[in-house]
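Some notes on the structure that comes next.
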Amino acid sequence: MTIVFVSPKQRQKMFFLGITILFLLVLSVIGTLVFFSKPKPAPAEQIFIKPEIKINFEILDLEQVKGSLLMGRVQKEFTYQSLTDKGVKKSGTIFAASMDEAKKTLEDSGLLSVILEEVLIGRENPFTPY
C-alpha cells in the first residue's frame, strides 16, 4: 500500500483555489486594459463643422411684401335649410367665418327662417375604411 501524504480533499481544495486565482488574475488584466485604455482620436474628416448661416431680414422691407394681402379668417362649412319668400324650401351649404355671418348672408339673399348646422370636419372613427 502506498502512503499518500496529501489527502484527496486537500488536493481538491488546492485545485479550486488555483483555478479561482487564475480566473481573478485574467479578470483583473482584462479590467485594467479596458478601464485604462484611452479612446482613439477621430479623423479630421468626421468632425462636424457648423455652417455659417445668415438670414436676410431686409426682404421684409420690400414693397412686394408690404403690399401683399393678409390671410383671411378660416372659413367653416355650414348646411342650411330655409324657406324663400315664395314658400319654397331651399337647402344647401355655405362657407363663412362664423354662424352669425352665414345667417346674415343667407337672410340678405332673401331666405326666411334659416336653420344652420355646422358641418363637422373629419370622421368619428378615423380607422374605419371609406
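Details
- Cross-chain or 6+ apart pairs with Cβ under 8 Å, region 59-70 first and aliphatic (A, V, I, L, M), then not in a helix (DSSP H, G or I): none
- Residue within region 112-123 that is free of Cβ contacts under 8 Å to residues at least 40 places away in the same chain and in contact with an Asp or Glu (Cβ under 7 Å, 6 or more places away or on another chain) present: yes
- The single condition from (1) open to solvent by 90 Å² or more (accessible area, probe 1.4 Å); (2) at pLDDT below 90 that Lys13 fails is (2).
- Subset of region 100-111 [open to solvent by less than 90 Å² (accessible area, probe 1.4 Å) and either touching a residue at least 40 places away in the same chain (Cβ under 8 Å) or not in a loop (DSSP other than H, G, I, E, B) (or both)]: Glu101, Ala102, Lys103, Thr105, Leu106, Leu111
- Matching residues, region 16-42, being open to solvent by 100 Å² or more (accessible area, probe 1.4 Å) and not aliphatic (A, V, I, L, M): Phe16, Phe23, Phe35, Phe36, Lys38, Pro39, Lys40, Pro41
- Glu45 falls short of the stated requirement of being free of Cβ contacts under 8 Å to residues at least 24 places away in the same chain, outside any helix (DSSP H, G or I) and open to solvent by 100 Å² or more (accessible area, probe 1.4 Å).
- Residue within region 81-99 that is part of a loop (DSSP other than H, G, I, E, B), of a type in the set (Val, Ile, Thr), out of contact with any Pro (no Cβ under 7 Å at 6 or more places or on another chain) and open to solvent by 100 Å² or more (accessible area, probe 1.4 Å) present: no
- Only residues that are open to solvent by less than 80 Å² (accessible area, probe 1.4 Å), of a type in the set (A, V, I, L, M, F, W, C) and either farther than 15 Å from Glu77 by Cα or outside any strand (DSSP E or B) (or both) were counted in region 115-130, giving 1.
The values are calculated or read from the model by the stated rules, or taken from the named source; none is laboratory data. A quick note: this is a predicted structure, and the numbers were derived from the prediction, not measured. Here Cβ is always computed from backbone atoms with ideal geometry, including for glycine, and neighbour counts include all displayed protein chains. Each accessible area value is taken on the protein alone, full model and side chains, heavy atoms only, with ligands, DNA and RNA left out. Shrake-Rupley method; radii C 1.70, N 1.55, O 1.52, S 1.80 Å.
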